[in-house]
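Below you'll find the structure, written out as structure tokens, and then a few comments.
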Amino acid sequence: MAATEVEPTSDKAVVTKVDPAEVPSAAWGWSGESRRTFQVAAVVVIIILLGMLKGNHHGKVEDLYLVGFAAALAVLVIRDILLRRKPR
């Protein structure tokens with residue numbers, strides 16, 4: 001076997017959904033998504049969107065879009081939290 005080829009791992013202690021032969025970092029647990037990171041990022045974006053309500057615009061259409069996008073993002077975060085708690 002050449003030095004650049006990766007052998008699939010037979011270690012069952014590593015819990016991942018990807019094959020380490022395709023993603024070598026999966027053997028170290030670096031593969032996958034961090035739900036907590038995405039949730040924190042979403043909350044930061046919600047705060048920024050709502051912070052943009054105070055500005056120099058005079059119309060309310062911009063406010064509706066800002067509140068709408070913030071509410072939609074909040075619904076996604078809440079849905080993700082509730083689905084995560086649900087036993088499978």
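Every number here is computed from the coordinates shown, using simple stated rules; none is lab data. Because the structure is predicted, anything quoted here is derived from the model rather than measured. Every residue, glycine among them, receives a Cβ derived from its backbone with ideal geometry; neighbour counts consider all protein chains shown.
For ASP80 and SER34 in one chain, what is 0.36 nm times their gap in residues minus the Cα-Cα distance, to one decimal in nm?
Gain on extension, ASP80 to SER34, equals 15.4 nm.
For the pair ALA42 and GLU62, how long in nm is the line joining their label points, each one 7 Å along Cα→Cβ?
It is 2.7 nm.
Applying the Karplus parametrisation 6.51 cos²θ - 1.76 cosθ + 1.60 with θ = phi - 60° to the phi angles of region 61-70, what ³J(HN,Hα) value in whole Hz is obtained for each residue in order, glycine and proline being reported as x?
Each residue of region 61-70 in turn: 5, 4, 4, 5, 5, 4, 5, x, 5, 5 Hz.
With θ set to phi - 60° and the Karplus curve 6.51 cos²θ - 1.76 cosθ + 1.60, what are the ³J(HN,Hα) couplings of region 36-42 in order, to the nearest whole Hz, using x for Gly and Pro?
For region 36-42, the Karplus curve yields 4, 5, 5, 5, 5, 4, 5 Hz.
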